[in-house]
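Enquirer: My structure is below; once you've seen it, I'll send some questions.
The values are calculated or read from the model by the stated rules, or taken from the named source; none is laboratory data. In this text, all values refer to a predicted model and were calculated from it rather than measured experimentally. Glycine gets a Cβ as well: all are built from the backbone with ideal geometry, and neighbour counts include every protein chain shown. Ligands, DNA and RNA are excluded from the accessible area calculation, which covers all protein heavy atoms including side chains. Shrake-Rupley method; radii C 1.70, N 1.55, O 1.52, S 1.80 Å.
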Amino acid sequence: MKHKYLIDRVNIEWIYQIFTLLSCKMSVEEIVEMAREEGVEFGERRDVFNRLVDLGILSKQREKNVTFVEFTPFGESVQLLYIKNPDKIPFLLHMLHILKSFENNSPRYFTTYHFVIDTVLEEKDVASDQYNRVVKMLEETYNDDESITGMDSTTIGKGVVFIQEIVNGKFDLLEFVDPNLFTYGLQKYIDKKTRQENGSLLITDKEKQELSILFLLEKAKIEEMVNKSIRYKKAFTIRYAPRGMVLQAIKTVPLQ
């Protein structure tokens, strides 16, 4: 099986146009044409629509050689968040990409995204030669593939379009994350890692590193944010074990 490791080019402006223009079921070309009238050019490719399909935000159908899209129920909640507070969308999209990388059967380019973010945050810079390091990480992760193909020096730039909207130019990690998004993301992280809803997960240093990339926070800040989430959202319980803290999800908090 040929796997896709390439991150296709998207930008946040295209995504905002989709959230603004899409209502009910519409053809992709109708959205593109309406965006063009607003001064936004999608270009020739339609990768952004496929990305939102892979994230579970859009569903796609092909009818008489025309591609139609519409929001999924989850996508409707994301569109509502965009209407209420568009500043949260880049962070949410980043989280969704990282969360997808923990799924065994999701497209492998989400793992590429994860490794790009890991590399850029560690090196505090975006450099074209970083893709060699990312390829090596992919080869070590997916040793079932003979070669990791389709990647080049543009991969790094394609992978940072969301976090460039979130962190500063030095790629310093955040001091604070919106408690609603943190709680939502933490619940989904526990779901992905335990393969069940409202599971229980031991948070060791390995999990703190993953959560650091998920939330763009220093590892030392994770426990502080967990305690804030428990205090304000009451979606988890916490207990301490010799190897770390154990989080138990006790209720589902909607995306807000």
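Enquirer: Go through (1) outside any helix (DSSP H, G or I); (2) within 26 Å of Gly75 (Cα to Cα) for Asp191 and report which single condition fails.
Expert: (1)
Enquirer: Quick check on region 52-65: of everything there that is touching a strand residue (DSSP E or B) at 6+ places or on another chain (Cβ under 9 Å) and of a type in the set (Lys, Arg), which residue is modelled with the lowest pLDDT?
Expert: Result: Arg62.
Enquirer: Quick one: in region 109-134, of everything that is in contact (Cβ under 8 Å) with a residue 60 or more places away in the chain and surrounded by fewer than 21 Cβ atoms within 10 Å (Cβ to Cβ), which residue is farthest from Met95 (Cα to Cα)?
Expert: Looking at the filtered set, the residue picked out is Leu121.
Enquirer: If you check Ile83, Ile7, Ile89, Ile31, which single one turns out to be farther than 22 Å from Tyr184 by Cβ and at pLDDT 95 or above? So that I can check it myself, show each step before the final result.
Expert: On the way: Ile83 fails: farther than 22 Å from Tyr184 by Cβ; Ile7 fails: at pLDDT 95 or above; Ile89 fails: farther than 22 Å from Tyr184 by Cβ.
Result of the check over Ile83, Ile7, Ile89, Ile31: Ile31.
Enquirer: Can you tell me which residues in region 187-220 are open to solvent by less than 50 Å² (accessible area, probe 1.4 Å), over 13 Å from the mean Cα position of the chain (by Cα) and under 14 Å from Glu175 (Cα atoms)?
Expert: Ser212, Leu217
Enquirer: For region 155-170, which positions are open to solvent by less than 10 Å² (accessible area, probe 1.4 Å) and either closer than 20 Å to Leu217 by Cβ or in contact with a Leu (Cβ under 8 Å, 6 or more places away or on another chain) (or both)? Steps first, please.
Expert: Here is the first cut: in region 155-170, the ones open to solvent by less than 10 Å² (accessible area, probe 1.4 Å) are 155-156, 159-160, 162-163.
Thr155, Gly159, Val160, Phe162, Ile163, listed by residue number.
Enquirer: Still on this structure: State the number of residues belonging to region 21-60 that are in a helix (DSSP H, G or I), closer than 18 Å to Val161 by Cβ and either basic (Lys, Arg) or under 23 Å from the mean Cα position of the chain (by Cα) (or both).
Expert: The total comes to 8.
Enquirer: From the list Glu140, Glu146, Glu103, exactly one residue is outside any loop (DSSP other than H, G, I, E, B) and open to solvent by 40 Å² or more (accessible area, probe 1.4 Å). Which is it? Lay out the reasoning, then the answer.
Expert: Values: Glu146 fails: outside any loop (DSSP other than H, G, I, E, B); Glu103 fails: outside any loop (DSSP other than H, G, I, E, B).
So the residue among Glu140, Glu146, Glu103 that is outside any loop (DSSP other than H, G, I, E, B) and open to solvent by 40 Å² or more (accessible area, probe 1.4 Å) is Glu140.
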